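Everything on this sheet refers to the single structure shown next.
Every read-out reported here was derived from the displayed coordinates using simple, explicitly stated rules and does not represent laboratory data. Bear in mind the structure is a predicted one, so any value in this text is a computation, not a measurement. Don't worry about glycine lacking a Cβ; one is built from the backbone with ideal geometry, like all the others, and counts go over all protein chains shown.
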Amino acid sequence: MPSLGDLLVAAFDAPVGFVACGIRASSVREWLPADVPFANPPTIEARFRRRQDGSWESDGAADGMLVTRLQSLGPRGCRAVLWHRGESDANQSDPGRTLLGDRYRAFLKTLIVRSRRDIGWDTPWMVAQASYHVPGDEGSDDIRAAQAAVAADGIALSGPDSDALKGGLREAGGKGGHFSGPGLSAHAGAWAERLIPRMLDAGPVW
């Protein structure tokens, strides 16, 4: 976020702020409102609960946090929600915990539409291509297609392809899943390439 903020400040000569809402290792299923059921739980079950019919639902904490923070900004109080999640849905070691792309697409659409309803305005969302784990597991075609489809459906804007950032741009000399220092800079640049043209086209009301 600091590197991206620096790039945006340089582009617009205006203050830039981020409202951090990320939860590490979270599935899109975790971000759903608590009344949305799904058949298979993510790998980490701590933030979910079993329903009487045997299906699962989130505890609603992530959705509540996101909505509360967006509401605190007021109507049209932010430029966009930047979505970079997918790794905890793709290619899980237990295949029964992996989320299929059609479900990811439907759940992300539900999250976006419901959050807009709850805050009372259509905040833009920008969705990255994100499903990378480690070398040899560098992305899920299924999840990537789902993320692209949400943008193609007109629900969100297309974000950067962060799965393309590999090798030395990943920690532990390219062996890890998180970004290295140079990787964080490259990631910020990839977001800026998507955000800056959109912000220039949309002007101050976007």
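Here are the numbers:
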{"item": "Sparsely packed GluC sites (Glu not before Pro) within the range 1-87, loop by DSSP, other Cβ within 10 Å at most 11", "result": "E45"}
{"item": "Theoretical gain in end-to-end length, V134 to R76 [0.36 nm per residue, Cα-Cα removed]", "result": "17.1 nm"}
{"item": "Hz values of 3J(HN,Hα) by residue in the range 35-51 - Karplus curve (6.51, -1.76, 1.60), Gly and Pro given as x", "result": "9, 9, x, 8, 7, 10, x, x, 4, 9, 9, 4, 9, 9, 9, 8, 8"}
{"item": "For the chain: relative contact order, % (alpha-carbon pairs under 8 angstrom, 6 or more apart)", "result": "19"}
{"item": "DSSP-defined beta bridges in the chain - what % are antiparallel, rounded to 5", "result": "50"}
{"item": "Where only C-alpha atoms are counted, convex hull volume of the range 18-146 per residue in Å³", "result": "104"}
{"item": "Kyte-Doolittle mean at least -1.0, axial Cα span of 18 Å or more - DSSP H helices of the chain", "result": "101-119, 181-202"}
{"item": "Dmax and Rg, reported as Rg then Dmax, of the range 75-206 (C-alpha, Å)", "result": "15.6, 46"}
{"item": "Histogram of C-alpha separations across the range 4-74, 5 Å bin width, %", "result": "3, 15, 21, 15, 13, 11, 8, 6, 5, 2, 1"}
{"item": "Listed peptides 13-22, 149-158 by packing density, highest first (mean Cβ within 10 Å)", "result": "149-158, 13-22"}
{"item": "Span from the the range 1-48 Cα centroid across to the the range 84-149 one, whole angstrom", "result": "11"}
{"item": "Under-5 Å amide H pairs with V81, H placed in peptide plane, nonlocal only", "result": "W125, M126"}
